[in-house]
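Visitor: Just dropping this structure here.
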Amino acid sequence: MKVEARSSYVRQAQQTEIFTISYNALEAIAALWLGMASRSTSLETFGLDSLIEIGAGLILLWRLRAEQRSAEAERIEIVERRAARLVGWSLFALAVYVAVQSVSALSSQAKPDPSIPGIVLAMASLVLMPILGRRKLQLAEKINSKALHADAYETIACAYLSFT
């Protein structure tokens, strides 16, 4: 692949990550605020999930910026491996968090409180996250990034959480 094309894909991946981080920040603030106001554990959990996703997005942004700043293939590969490992851990943290929350909700027989703003927020994520996840998967293929690939699946997991 030509350097110019790869550079363009890396820039596109950065823009996608910046958008994802920005959206997740707004989502986290809204979900946590709405969750506390309505005493909805579901919304609070949704907001905390968004914080985990922001962490993964920041890791990816670090990895992509490292490539943009350095033409040294060895350095890029080291950063890629670290980023993939860190995003993998954040995906694991998300899975553990969801499992713990699920067991807690089942054992306490908690029922989510209906919240129109919460439903709207979940619907927005249900529409947006699969689009972002697919875009990240496309870009991950173009630049051969396992870290971006893992982050794409974390984004897709967000869509599943929005659905549930």
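The values are calculated or read from the model by the stated rules, or taken from the named source; none is laboratory data. None of the values given here were measured: they were computed from a predicted structure. Cβ coordinates were reconstructed from backbone atoms using ideal geometry, including for glycine residues, and neighbour counts include every protein chain displayed. The protein model used for the area step is the full one, side chains on, heavy atoms only, and it has no ligands, DNA or RNA in it. Shrake-Rupley method; radii C 1.70, N 1.55, O 1.52, S 1.80 Å.
Visitor: If one takes the longest principal axis of the Cα atoms in the chain, at what angle in degrees, from 0 to 90 and to the nearest 10, does the Cα axis of helix 3-38 lie?
Guide: The angle comes out at about 10 degrees.
Visitor: Counting only the heavy atoms of the protein chains, how much of Glu72 is accessible to a 1.4 Å probe, in Å² to the nearest 10?
Guide: 110 Å²
Visitor: When Rg is the radius of gyration of the Cα atoms in segment 1-70 and Rh is its Kirkwood radius, what does Rg/Rh come to? Mind showing how you got there, number by number?
Guide: Values: Rg = 15.8 Å, Rh = 13.2 Å.
Radius of gyration over Kirkwood radius for segment 1-70 works out to 1.20.
Visitor: Using a 1.4 Å probe on the protein chains only, how many percent of the accessible area of segment 22-150 belongs to carbon and sulfur? Intermediate results must be reported in sequence, preceding the final value.
Guide: Working: 4940 of 7510 Å².
Roughly 66 percent of what the probe reaches on segment 22-150 is carbon or sulfur.
Visitor: Then there's this: Compute the acute angle (0 to 90°) between the alpha-carbon long axis of helix 73-108 and the principal axis of greatest extent of the alpha-carbon atoms of the chain; round to the nearest 10°.
Guide: So the helix axis and the longest Cα principal axis differ by about 10 degrees.
Visitor: Turning to a different aspect of this structure: Pull out the extension gain between Ile156 and Ser102, defined as 0.36 nm times the separation in residues minus the alpha carbon to alpha carbon distance; nm, one decimal. Please report the intermediate quantities before stating the final value.
Guide: On the way: separation 54, 0.36 × 54 = 19.44 nm, distance 1.86 nm.
Stretched out fully, the Ile156 to Ser102 stretch lengthens by 17.6 nm.
Visitor: Given labels modelled 7 Å from the Cα in the Cβ direction, how far is it in nm from Gln109 to Arg85?
Guide: So the two model labels end up 4.7 nm from each other.
Visitor: Where does helix 116-143 land angle-wise versus the long Cα axis of the chain, in degrees 0 to 90, nearest 10?
Guide: Roughly 20 degrees, rounded to the nearest 10.
Visitor: Accessible area per residue, 1.4 Å probe, Å², for segment 1-132: what's the number?
Guide: With the other protein chains kept in place, segment 1-132 gives 59 Å² per residue.
Visitor: Trypsin sites (Lys or Arg not before Pro) within segment 1-54: which are DSSP loop residues with at most 16 other Cβ atoms inside 10 Å?
Guide: Details: sites: Lys2, Arg6, Arg11, Arg39; in loops: Lys2, Arg39.
Answer in residue order: Lys2, Arg39.
Visitor: Taking a ≥ b ≥ c as the square roots of the Cα gyration tensor eigenvalues, with a/c under 1.5 meaning rounded and otherwise prolate when a/b beats b/c, else oblate, which class fits segment 92-164? List each step's numbers first, then the result.
Guide: Numbers: a/c = 5.16, a/b = 1.69, b/c = 3.05.
In terms of gyration-tensor shape, oblate.
Visitor: Oh, and also: Which length gain, in nm to one decimal place, applies between Leu26 and Arg39 when the Cα-Cα distance is subtracted from 0.36 nm times their residue separation? Walk me through the intermediate numbers first.
Guide: Values: separation 13, 0.36 × 13 = 4.68 nm, distance 1.91 nm.
Here the answer is 2.8 nm.
Visitor: Mind giving me the FRET efficiency for Ile119 and Ile18? R0 is 22 Å, r the Cβ-Cβ distance, nearest 0.05 is fine. Before the final figure, lay out each step's value.
Guide: Details: r = 27 Å, r/R0 = 1.23.
Working from the Cβ atoms, E equals 0.20.
Visitor: A further question on this structure: Mark the label point 7 Å from the Cα of Ser7 along Cα→Cβ and return the residues of segment 58-73 whose backbone N is within less than 12 Å of it.
Guide: 68-71
Visitor: State, in angstrom, two size descriptors of the chain derived from its alpha carbons: Rg to one decimal place and Dmax to the nearest whole number.
Guide: 17.0, 56
Visitor: Check the chain and count each lysine pair with an alpha-carbon distance under 22 angstrom, considering only pairs eight or more places apart or from different chains. It would help to have the intermediate numbers written out before the result.
Guide: On the way: Lys2/Lys136; Lys2/Lys142; Lys2/Lys146; Lys136/Lys146.
Total qualifying Lys-Lys pairs in the chain comes to 4.
Visitor: What percent does the relative contact order of segment 1-143 come to when contacts are Cα pairs within less than 8 Å and at least six residues apart? Before the final figure, lay out each step's value.
Guide: On the way: 109 pairs, mean separation 46.1, N = 143.
Worked out over segment 1-143, it gives 32 percent.
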